[in-house]
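Trainee: Following this message is one structure expressed as structure tokens.
Any read-out appearing in this document is the output of simple, stated calculations on the displayed coordinates, not a laboratory observation. Worth saying up front: this structure is predicted, and the values here are computed from it rather than measured. Cβ: placed from backbone, ideal geometry, glycine included. Neighbour counts: every protein chain shown.
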Number of protein chains: 2
Amino acid sequence: MRPPLTEPKLALQPAPLIRGWALTLILSCVYRAHGGKVLLSRLSFLPSQMASSELLKRPNGPTVTLKYYHAEPVANSLKSMIPLIEKGLPYQSVYIDLHKFEQHSDWFVAINPEGQVPVLEHDGIIITHTTVINEYLEDIFPAIPLRPRDPVGAARMRYWNKFIDEHVMNHVSMHGWHRMIGIIARNIESGEFDRLLERIPLPDQRRKWRTARSGFSPADLANATEKILYAVDKVERQLARTEWIAGDHYTLADINFYSHCGMMVERMFPELEIGKRCPRLVAWRQKLTARPAVARALAAEDRTAPGLRTWTGHAR
Amino acid sequence: MRPPLTEPKLALQPAPLIRGWALTLILSCVYRAHGGKVLLSRLSFLPSQMASSELLKRPNGPTVTLKYYHAEPVANSLKSMIPLIEKGLPYQSVYIDLHKFEQHSDWFVAINPEGQVPVLEHDGIIITHTTVINEYLEDIFPAIPLRPRDPVGAARMRYWNKFIDEHVMNHVSMHGWHRMIGIIARNIESGEFDRLLERIPLPDQRRKWRTARSGFSPADLANATEKILYAVDKVERQLARTEWIAGDHYTLADINFYSHCGMMVERMFPELEIGKRCPRLVAWRQKLTARPAVARALAAEDRTAPGLRTWTGHAR
């Protein structure tokens, strides 16, 4: 087992990572530090399959690439993709095919020893975990803020991010794994499955794959549903008080809840009658889905079999 | 049930909160915003039991109080107390007696609807959850930093804070509850216990109290121990590479791991032979315990029966 990622490090991935089938967008980012501020020049989208050596250079500063390694535009992979697009940051998209367990492949584990997507690579520095990535993007590229600039507003946003990370994400994820990853896992022959498990760096993640294959217990699934109900009710109450989840402005907390729950909860759990129970949440979801940056993120590659796309719910 | 805290709000607690037995320190904080920077004047510690009306005022700015509502100096209550002292921020300490379930009392739930300690009150604004409180303190009082000022350093710190919050804290806490809260809970007569449970705002917390009374299952305790071993090994590996957990500087990540695991893991789990297994962790713990700010925090009031203080471990 490889040690888990303990600190950002220089990426060691094989050079180009360019596969015809793997890249849907290739973007580049050029910035230069000037007077203590980061000046970001937004470049237009470059045609697909342009090699990274073709990235533009600016005369007054180093060429810097932002690479985003991600899977389908939902959950964690969506959560850091939306801020990149909202902030107008050109980035190179590297699609990681979870259906082929690419996240556990040697070349990817050399980039992220935890073997998980998404990963942000910024000028050779690796940042993992979406909440950490999104705060990092705010610190480095503050021009279009998704984190309130006043400390109280930032604290309100972090309160919600923490709630979503610790009390929402895993519960929706369990149902998603039960329905989708379970089918994928059961289609793998036993010996092959054990070999795949051995390649998963995080013990918790190995356990989750094993459970997905045998099926999560009805008690665990019921508990997860109860937590999801608690969360949607909490968000609904909040939206009666403020326009957005963390206050009067659209923030990373909205993006977090949308990506992990809000975008798909109504379609994933029809028995919860979310439309009746949480009308404000539905209106908020529609407002988010209509944002150009969100729509662009949702249009990213999705190899999930269409019949299994309960994940993406009402968002598309 | 009261709705959980969804955003910081003005405190509505009964005016003075001054009880002879409840306050061990009364401190005051005066600041004024000037030229976009917060200038903080450190005042000396005020004598115990001075009423808040006696807090000093400065001619050029409003009087501002920092109040910290906390229990014993361990785990969450310690985690935000250390930064307050490290940063030289005078604050009013309000001891909340968990042995008397004061955190679920009406007056406290009016301050924090989630009924949990600790809580930071800053100039009437309520901030909850220690990781959020500690980032807030960095945002407001940056003069003595415990969060790296460079974004990559901050991301490394947040990576560790997230790991500790999500994969360490609850596992050590389960053993602590099993040993300590379980004894407290079993000493309460059934009818009275049910009435106490009804007053707990968070469903998860109600469940934890009920389980503590009946006892956590051996399987759950063994799983928690396995996660703790994973965590101490991960920290030990990191300390072979960097002096502190998140890099070359003492940060909030060190304070987090110390408060929730490092300070007590050796004495709480003698069977793990932490001294042999993790010598770097032990040296790191001693270095932290020797810091004047940490020593001052550890000297705060502790009403836990001495026989049950496995929590505080080797730190005192």
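Trainee: Let me know the mean shielding of A:265-276 by other chains, meaning the per-residue number of their Cβ atoms within 10 Å of its Cβ.
Mentor: Per-residue shielding by partner chains comes out at 0.
Trainee: Rounded, prolate or oblate, given the Cα gyration tensor of region A:119-231, with a/c below 1.5 counting as rounded?
Mentor: Oblate is the answer for region A:119-231, as a/c is 1.5 or above yet b/c matches or exceeds a/b.
Trainee: Using θ = phi - 60° and the Karplus curve 6.51 cos²θ - 1.76 cosθ + 1.60, what whole-Hz ³J(HN,Hα) does each residue of region B:77-92 get, with Gly and Pro shown as x?
Mentor: With the stated coefficients, region B:77-92 comes to 5, 6, 4, 9, 6, 4, x, 4, 6, 4, 7, x, 8, x, 9, 8 Hz.
Trainee: Please list, ordered by chain and number, the residues whose modelled amide H lies under 5 Å from the amide H of B:Gln92; skip anything fewer than 5 residues away on the same chain.
Mentor: Hits under the 5 Å cutoff: B:Leu27, B:Leu66, B:Lys67, B:Tyr68.
Trainee: In nm, what does the list of distances from A:Glu198 to its counterparts in the other copies look like, shortest first, when each label sits 7 Å along Cα to Cβ?
Mentor: When each copy's label point is compared with this one, the spacings are 5.8 nm.
Trainee: Hey, what do the phi angles of region A:137-150 turn into as Karplus ³J(HN,Hα) couplings, whole Hz, using 6.51/-1.76/1.60 and θ = phi - 60°, x for Gly and Pro?
Mentor: Coupling constants for region A:137-150: 4, 5, 5, 8, 10, x, 4, 10, x, 10, 10, x, 7, 7 Hz.
Trainee: Can you tell me which of B:281-291, A:186-196, A:168-178 comes out highest on packing, and rank the rest after it, using the mean Cβ neighbours within 10 Å?
Mentor: Final packing ranking: A:168-178, B:281-291, A:186-196.
Trainee: A 30 angstrom limit on the alpha carbon distance is what I want to check against. Which of B:Lys100/B:Lys276; B:Lys234/B:Lys287; A:Lys87/B:Lys287; A:Lys79/A:Lys234; B:Lys100/B:Lys287 exceed it?
Mentor: From B:Lys100/B:Lys276; B:Lys234/B:Lys287; A:Lys87/B:Lys287; A:Lys79/A:Lys234; B:Lys100/B:Lys287, over 30 Å: B:Lys100/B:Lys276; A:Lys87/B:Lys287; B:Lys100/B:Lys287.
Trainee: Once phi is turned into θ = phi - 60°, what whole-Hz ³J(HN,Hα) does the Karplus curve with 6.51, -1.76 and 1.60 give for every residue of region A:240-252, x standing for Gly and Pro?
Mentor: Each residue's phi maps through the Karplus curve to give 6, 9, 9, 5, 10, 5, 9, x, 8, 10, 5, 9, 4 Hz.
Trainee: While we're looking at this one, here's another question. Pairs of Cα atoms under 8 Å, at least six residues apart: use those to get the relative contact order of region A:151-291, whole percent.
Mentor: Taking the mean separation of contacting Cα pairs over the length of region A:151-291, I get 31 percent.
Trainee: By its C-alpha gyration tensor, with a ≥ b ≥ c as the square roots of the eigenvalues, how is region B:151-291 shaped: rounded for a/c under 1.5, else prolate for a/b larger than b/c, else oblate?
Mentor: prolate
Trainee: Let me ask you something else. Assuming a ≥ b ≥ c are the square roots of the Cα gyration tensor eigenvalues, decide whether region B:260-303 counts as rounded (a/c under 1.5), prolate (otherwise, with a/b larger than b/c) or oblate.
Mentor: oblate
Trainee: Between B:Trp244 and residues 5 or more places away or on another chain, which pairs have amide H atoms under 5 Å apart, with H built 1.01 Å from N, and which residues are they?
Mentor: B:His249
Trainee: Tell me, in nm to one decimal, what length is gained between B:Ala283 and B:Arg210 on full extension, where the rule is 0.36 nm per residue of separation less the Cα-Cα distance?
Mentor: Contour length minus Cα-Cα distance gives 22.5 nm.
Trainee: Using the per-residue mean of other Cβ atoms lying within 10 Å as a proxy for protection, in what order, highest first, do the peptides B:75-83, A:230-238 fall?
Mentor: By packing density, highest mean first, the sequence is B:75-83, A:230-238.
Trainee: Cut-off is 10 Å between beta-carbons; in what order do A:Asp204, A:Asp302 appear when sorted fewest neighbours first?
Mentor: A:Asp204, A:Asp302
Trainee: Enter the Cα centre distance for the pair region A:204-232 and region B:170-224, rounded to the nearest angstrom.
Mentor: 22
Trainee: Per-residue mean of other chain beta-carbon atoms within 10 angstrom of the beta-carbon, peptide B:70-80?
Mentor: The mean count of partner-chain Cβ atoms within 10 Å per residue comes to 0.
Trainee: Would you mind computing, in nm to one decimal, how far apart the modelled labels at B:Asp150 and B:Arg237 are, each placed 7 Å from Cα along Cα→Cβ?
Mentor: With each label point 7 Å from Cα toward Cβ, the separation is 2.4 nm.
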